[in-house]
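Participant: Once you've had a glance at the structure underneath, I'll fire off some questions.
Values quoted throughout were computed directly from the atomic coordinates according to the rules given, and no laboratory measurement underlies them. As the structure is a computational prediction, the values presented were derived from the model and not from experiment. Every residue, glycine among them, receives a Cβ derived from its backbone with ideal geometry; neighbour counts consider all protein chains shown.
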Amino acid sequence: MSTIESVEHLHANAGWRNYHYLKVTTSDGVAGWAEYDEALRSPGVTAVIEKLAPHVIGKPVHDVERLTTRLGILTRPAPGSAVTMGIGAIENAVLDAKARTLGVPCYSLLGGKVRDTIRVYWSHCATWRISLPQWYGNEINHIDQVVELGAEVADSQFGALKTNIFLYDDTGKPRSWFPGFGQPDEPGLNVERDVLDNIVRHLGALREGAGPATDILIDLNFNARTEGYLRIARDLADLDLFWIEIDHDSPTGLSRVREASTSAISGGETLFDVKGFLPYLQAGSFDVAIIDTIWNGTWRSMKMAAAAAAFEVNVAPHNYYGHLCTMMSAHFAAAVPNLRIMETDIDRLPWDDDLVTHAPEFVDGHLVIPDRPGWGTEPIEEAIRAHPPEEVGDLLSMRR
């Protein structure tokens, strides 16, 4: 039986962050890959992988559940965060290795696909061009350019976009507003009238350009408390949004926001495992549950999606990483019956396509699910070495 022979991690520069890859090689010479992340306040994932690697070597590549359960037992006193993310990375790489050993796509290991294409939305629309133009280009310096971007989305194949919160000065120049991440430094996370007015102004500019046929989503992140989210939801009541996305540490608090909102509420991208999800499902906290398959591992994520289905809640992958992560999330989305939509970034780094054998294929605003073995793509090691990792910032390094 094929066993795991080695575990390696590789890293590439990704502008304001780095891309992180895990390679698992079997005794038959098959390589399984996963992408993981350390940019969103999750340092130490690589250290977790290094610590757990000896417990993976020599284990059968087919026993995914047994392997991840064992790693969970070994780390039981410190669940969540970097520990769970490290286990998730190993799980994803082993899934890819198993699928490649069998010569089947990863979705076959998840029960098979229930759809051939996946509707996606253009994530961080305006966000990257306002906050990180040095990496993504097409710099936005005025609200009129936000209107133009909305028109660009309407003219593209993508029928949905998601943006973040921005404030505008008297000249129409935007700046990011992320107090939940310390920008500005406002620990009270209070939402005053100028913030409310600017959220409506920003969304109005996108709607003006995109027109009524484009679905618009907004991600509020961790940038308010319950009272602030309630104020925002009430101000956005007439904007016909696809959803309002909220990260919230209180299931009951988020449930209050959902009850008051005329738009669907989504959330959950920072939650781990069914245990983390269940209190929110029981409280009726969101209409769409967001699952990060990169953090949790795709096998564990399927269980989280099944828990959501028991509460008649659809799911959506959290995916703002590199191309390999997009394909990993796509196999999850292909196999999950209760799928709503999938996140992906359309504004990309110039070298993103060079890092993998196959970039994601989009047709009519949908990601086409490949039938190639494993995730359907794999990193190119020579290209990774051509873009060595650097000491870079994180979300706080976004331009103000």
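Participant: Using +1 at the C-beta of Lys and Arg and -1 at the C-beta of Asp and Glu, which of V200, P317, V356 has the Cα lying farthest in the positive direction of the dipole of the chain?
Facilitator: Result: P317, furthest along the dipole toward the positive end.
Participant: Right, here's the next one. Quick one: which residues, 5+ away or cross-chain, put their amide H under 5 Å from the amide H of W122? H built at 1.01 Å from N.
Facilitator: Distant-sequence amide H within range of W122: A160, L161, K162.
Participant: Just add up the charged neighbours of Y19: K/R +1, D/E -1, any other residue whose Cβ is under 11 Å from the Cβ of Y19.
Facilitator: Numbers: positive: R17; negative: E35, D37, E38, D352.
Once all neighbours under 11 Å are counted, the net charge is -3.
Participant: A further question follows. Take E259 and V363, extend 7 Å from each Cα along the Cα→Cβ direction, and tell me the distance between the two endpoints in nm.
Facilitator: Going from the E259 label point to the V363 one covers 4.7 nm.
Participant: Report relative contact order for the range 4-105 in percent, whole number only (criteria: Cα-Cα under 8 Å, sequence separation at least 6). Please list the in-between numbers first.
Facilitator: On the way: 150 pairs, mean separation 32.7, N = 102.
Here the relative contact order equals 32 percent.
Participant: Net charge within 13 Å of D116 by Cβ-Cβ distance, Lys/Arg positive one each and Asp/Glu negative one each, not counting D116 itself? Present the calculation step by step, with values, prior to reporting the outcome.
Facilitator: Numbers: positive: K113, R115, R119; negative: E361, D364, D371.
Once positives and negatives cancel, what remains is 0.
Participant: Give me the one-decimal nm value for the distance between modelled label points at E390 and D194, 7 Å along each residue's Cα-to-Cβ direction.
Facilitator: My value for the distance between the label points is 3.4 nm.
Participant: Another question, if that's okay. Between E8 and R115, what's the calculated FRET efficiency when r is the beta-carbon distance and R0 is 35 Å? Round to 0.05.
Facilitator: On the way: r = 33 Å, r/R0 = 0.95.
Efficiency, rounded to the nearest 0.05: 0.55.
Participant: Considering only DSSP beta bridges where both residues belong to the chain, give the percentage that are antiparallel (nearest 5). Please report the intermediate quantities before stating the final value.
Facilitator: Details: 27 of 49 bridges.
Expressed as a percentage, antiparallel bridges in the chain total about 55.
Participant: Another question, if that's okay. Excluding A305 itself, calculate the net charge of residues whose Cβ lies under 13 Å from the Cβ of A305, where each Lys or Arg counts +1 and each Asp or Glu counts -1. Don't skip to the answer; put the middle values down first.
Facilitator: On the way: positive: R300, K303, R340; negative: D273, D292, E312.
Net charge around A305: 0.
Participant: With a cut-off of 8 Å between alpha carbons and a minimum separation of six or more residues, what is the relative contact order of the chain in percent?
Facilitator: Numbers: 835 pairs, mean separation 86.2, N = 400.
Relative contact order comes out at 22 percent.
Participant: Oh, and also: Determine ³J(HN,Hα), in whole Hz, for all residues of the range 11-26 in sequence, where each value follows from phi through the Karplus function 6.51 cos²θ - 1.76 cosθ + 1.60 and θ = phi - 60°; x replaces Gly and Pro.
Facilitator: Each residue's phi maps through the Karplus curve to give 9, 9, 5, 9, x, 7, 8, 10, 8, 10, 10, 10, 10, 10, 10, 9 Hz.
Participant: Calculate the dipole size of the chain relative to its Cα centre from +1 charges on Lys and Arg beta carbons and -1 charges on Asp and Glu beta carbons; express the result in debye to the nearest 20.
Facilitator: Around 1200 debye, computed over the chain.
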